[in-house]
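See structure below.
The values are calculated or read from the model by the stated rules, or taken from the named source; none is laboratory data. All figures in this text were calculated on a predicted structure; none of them were measured in a lab. Note: ideal-geometry Cβ built from the backbone for every residue, glycine included; neighbour counts use all protein chains shown. For accessibility, only protein heavy atoms count, side chains too; no ligands or nucleic acids. Shrake-Rupley method; radii C 1.70, N 1.55, O 1.52, S 1.80 Å.
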Amino acid sequence: QVQLVESGGGLVQAGGSLRLSCAASGRIFSIDVMGWYRQAPGNGRDLVAIITNDGLTNYADSVKGRFTISRDTAKNTVYLQMNSLNPQNTAVYYCYAQTLSRNYWGQGTQVTVSS
């Protein structure tokens with residue numbers, strides 16, 4: 001089993017920044033990919049960014065150039081630095097971990113961007 005705990009969400013004005021953190025514990029050696037998804041009210045859960053064990057990254061087109069995903073393997077933590085936030089980024093952000101056998105999700109952290 002893998003446990004994921006997110007932190008760093010909150011309320012920010014448009015144009016501001018937030019950094020999300022996700023700490024993994026448990027069978028962390030089994031994790032291949034970690035990342036972030038988000039779900040806005042009335043929408044499905046969409047990819048924001050992912051990072052592999054080799055450091056390869058992939059971003060949703062809407063966040064490229066504004067969001068940066070990084071991973072501290074010593075701390076078993078993945079980060080999402082979000083800059084130039086806009087109200088369309090308002091959503092619950094979920095940490096994600098992929099293993100060979102299954103995917104894991106955190107409990108989610110709310111990000112609200114006011115105009």
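Per the conditions (1) assigned to a strand (DSSP E or B); (2) out of contact with any Ser or Thr (no Cβ under 6 Å at 6 or more places or on another chain); (3) within 24 Å of residue 13 (Cβ to Cβ), the sole criterion not satisfied by residue 93 is (2). Against the list (1) touching a residue at least 40 places away in the same chain (Cβ under 8 Å); (2) open to solvent by 50 Å² or more (accessible area, probe 1.4 Å); (3) farther than 16 Å from residue 11 by Cβ, the condition residue 115 fails is (3). Filter the stretch 89-112 down to residues that are surrounded by fewer than 15 Cβ atoms within 10 Å (Cβ to Cβ) and among the hydrophobic types (A, V, I, L, M, F, W, C) and give me whichever is nearest to the chain's Cα centre (by Cα). By that ranking, first place goes to 105. Looking across the stretch 76-88 at every residue that is more than 14 Å from residue 42 (Cα to Cα) and of a type outside the set (A, V, I, L, M), the one that is least open to solvent (accessible area, probe 1.4 Å) is identified as 77. Does the stretch 51-62 contain at least one residue that is part of a strand (DSSP E or B) and either under 12 Å from residue 4 (Cβ atoms) or in contact (Cβ under 8 Å) with a residue 24 or more places away in the chain (or both)? Yes, the stretch 51-62 contains at least one residue that is part of a strand (DSSP E or B) and either under 12 Å from residue 4 (Cβ atoms) or in contact (Cβ under 8 Å) with a residue 24 or more places away in the chain (or both). Within the option set 51, 31, 69, being open to solvent by less than 60 Å² (accessible area, probe 1.4 Å), modelled with pLDDT under 95 and among the aliphatic types (A, V, I, L, M) holds for one residue only, 31.
Taking the criterion of being touching a Gly at 6+ places or on another chain (Cβ under 7 Å), assigned to a strand (DSSP E or B) and either among the hydrophobic types (A, V, I, L, M, F, W, C) or surrounded by fewer than 18 Cβ atoms within 10 Å (Cβ to Cβ) (or both), the residues of the stretch 1-20 that qualify are 2, 3, 4, 5, 18, 19, 20.
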